[in-house]
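This structure is in structure tokens; I'll ask about it shortly.
The values are calculated or read from the model by the stated rules, or taken from the named source; none is laboratory data. Since the structure is predicted, the reported quantities are computational estimates derived from the model, not experimental observations. Neighbour counts run over all protein chains shown; Cβ positions are idealised from the backbone, glycine included. Note: accessible area is taken over every heavy atom of the protein model, side chains too, but ligands, DNA and RNA are not part of it. Shrake-Rupley method; radii C 1.70, N 1.55, O 1.52, S 1.80 Å.
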Amino acid sequence: MQLSKHLEGYDKDLVEVVLGIAEVTKAISRGFITHQGKADTSNLYGDQQAAMDVWADDLFIKELGGSGLVRYLASEEQPEILEFESDTDLAVSIDPLDGSSLLSVNLTVGTIVGIQRGGVLKPGSDMVGAMYVIYGPLTVLVYSVGDGVHEFVLHADGEFVLRKENFTIGSEKRLGQGAARNTYLPFHEEFISRLEADGYKIRFSGSFVADVHQILHKGGVFTYPGYLGSERGKLRLLFECAPMGYIVTQAGGAVSDGVVDLLSIVPESISERVPVYIGGKREIELIMGLPK
Ligand code: AHG
Ligand code: MN
Ligand code: MN
């Protein structure tokens, strides 16, 4: 079944945004060879941008803003929320290219999208949908609009075709862990030690979207914690953690900042960073239960 068919019956404006984003990701999947290397600019977070970061961001702004598909658009690569003339109240937050530091070593990267109504500075629990696209050996699209989690693969004819419908998180013991061990806070050290003692195997590539996609399919937990020098961690609430947390939660998993359900957090600003623990309910209950 094709993506457009699978989306039949959901709100028309939401469907048009998911399909519009899907179209842009097809162009991105073909664009890596002609947009290699670094741009000579940096983003709000001080990260030097990859040529692909800038090009992908521009494509999404043209597609979503230019065509009036969304009212608000917040991008990891833009310093402010963009507002457009539109008949809809849809508000999209996007990480156009997550893991872009890995492009130079040809590892898997992806696009992450969260969809709200009425504005972007809302808790993840208010989302009307989220999706991500992984650019790997295959180009794979995963979405949820609150009615299960579904995976599609981009075929040679340019169509995203259903591969897994209503799938739930796996149950293997896999652990993806960011930040350097010599900066771990005591409760995080305890968390990691318990999982390693329980036989969890390390799975970490440095691309959040790819690492979480693996945990979603296979099971376990990914964490980029708060650490000595940055108690709020590295990853962004709006562009990375909430959208992926929404999808993992819809698939029967859970997401936390270590203390509360991450989807309950109201973003103060688009650039808000948050410690993230995302994966199976068992692992998230463990970290939330540890004394801080
Ligand atoms: P982005 O490429 O959008 O800036 O995101 C990179 C993030 C995330 O994908 C990954 O988990 C994390 O950076 C890795 O950070 P370190 O390189 O510090 O481990
Ligand atoms: Mn990112
Ligand atoms: Mn990015």
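So GLY206 passes all but one of these: (1) within 14 Å of ligand 2 (Cβ to nearest atom); (2) open to solvent by less than 10 Å² (accessible area, probe 1.4 Å). Which condition number does it fail?
Of the numbered conditions (1) within 14 Å of ligand 2 (Cβ to nearest atom); (2) open to solvent by less than 10 Å² (accessible area, probe 1.4 Å), the odd one out for GLY206 is (2).
With respect to the numbered conditions (1) exposed (fewer than 14 other Cβ atoms within 10 Å of the Cβ); (2) assigned by TED's automatic domain parsing to the domain that holds VAL248; (3) in contact (Cβ under 8 Å) with a residue 12 or more places away in the chain, which one is the sole condition not fulfilled by ASP211?
Going through (1) exposed (fewer than 14 other Cβ atoms within 10 Å of the Cβ); (2) assigned by TED's automatic domain parsing to the domain that holds VAL248; (3) in contact (Cβ under 8 Å) with a residue 12 or more places away in the chain one by one, ASP211 breaks only (1).
Something else about it: Among what's in region 257-292 and is free of Cβ contacts under 8 Å to residues at least 60 places away in the same chain and over 21 Å from THR111 (Cα atoms), pick the residue that is surrounded by the fewest Cβ atoms within 10 Å (Cβ to Cβ).
That would be GLY289.
While we're looking at this one, here's another question. Scan (1) open to solvent by 60 Å² or more (accessible area, probe 1.4 Å); (2) within 26 Å of GLY136 (Cα to Cα); (3) of a type in the set (Lys, Arg) for the single condition LYS26 breaks and write down its number.
Here LYS26 meets the rest and fails (1).
Restricting to region 219-234, count the residues that are in contact with a Gly (Cβ under 9 Å, 6 or more places away or on another chain) and open to solvent by 10 Å² or more (accessible area, probe 1.4 Å). Break it down into steps so the answer makes sense when it comes.
Filtering region 219-234 down to residues in contact with a Gly (Cβ under 9 Å, 6 or more places away or on another chain) leaves 219-227, 232-234.
Now restrict to residues that are open to solvent by 10 Å² or more (accessible area, probe 1.4 Å): 224, 227, 232, 234.
Final tally of qualifying residues: 4.
State yes or no: is ALA210 over 21 Å from GLY289 (Cβ atoms) and of a type outside the set (S, T, N, Q)? Give the steps one after another, and end with the answer.
On the way: over 21 Å from GLY289 (Cβ atoms): yes; of a type outside the set (S, T, N, Q): yes.
When the stated conditions are applied, ALA210 passes them.
Among the residues of region 42-58, is any free of Cβ contacts under 8 Å to residues at least 60 places away in the same chain, open to solvent by 20 Å² or more (accessible area, probe 1.4 Å) and in contact with a His (Cβ under 7 Å, 6 or more places away or on another chain)?
So far as region 42-58 goes, yes, one or more of its residues are free of Cβ contacts under 8 Å to residues at least 60 places away in the same chain, open to solvent by 20 Å² or more (accessible area, probe 1.4 Å) and in contact with a His (Cβ under 7 Å, 6 or more places away or on another chain).
Another question, then. Taking GLU8 and the conditions (1) open to solvent by 10 Å² or more (accessible area, probe 1.4 Å); (2) within 16 Å of ligand 2 (Cβ to nearest atom); (3) not aliphatic (A, V, I, L, M), which numbered condition does it fall short on, given that it satisfies the others?
So GLU8 meets the others, but not (2).
Kindly indicate whether TYR10 is in a loop (DSSP other than H, G, I, E, B), closer than 23 Å to LEU237 by Cα and either within 14 Å of ligand 3 (Cβ to nearest atom) or outside the structural domain of LYS234 (by TED's automatic domain parsing) (or both).
Details: in a loop (DSSP other than H, G, I, E, B): yes; closer than 23 Å to LEU237 by Cα: no; either within 14 Å of ligand 3 (Cβ to nearest atom) or outside the structural domain of LYS234 (by TED's automatic domain parsing) (or both): yes.
Against the criterion (in a loop (DSSP other than H, G, I, E, B), closer than 23 Å to LEU237 by Cα and either within 14 Å of ligand 3 (Cβ to nearest atom) or outside the structural domain of LYS234 (by TED's automatic domain parsing) (or both)), TYR10 does not qualify.
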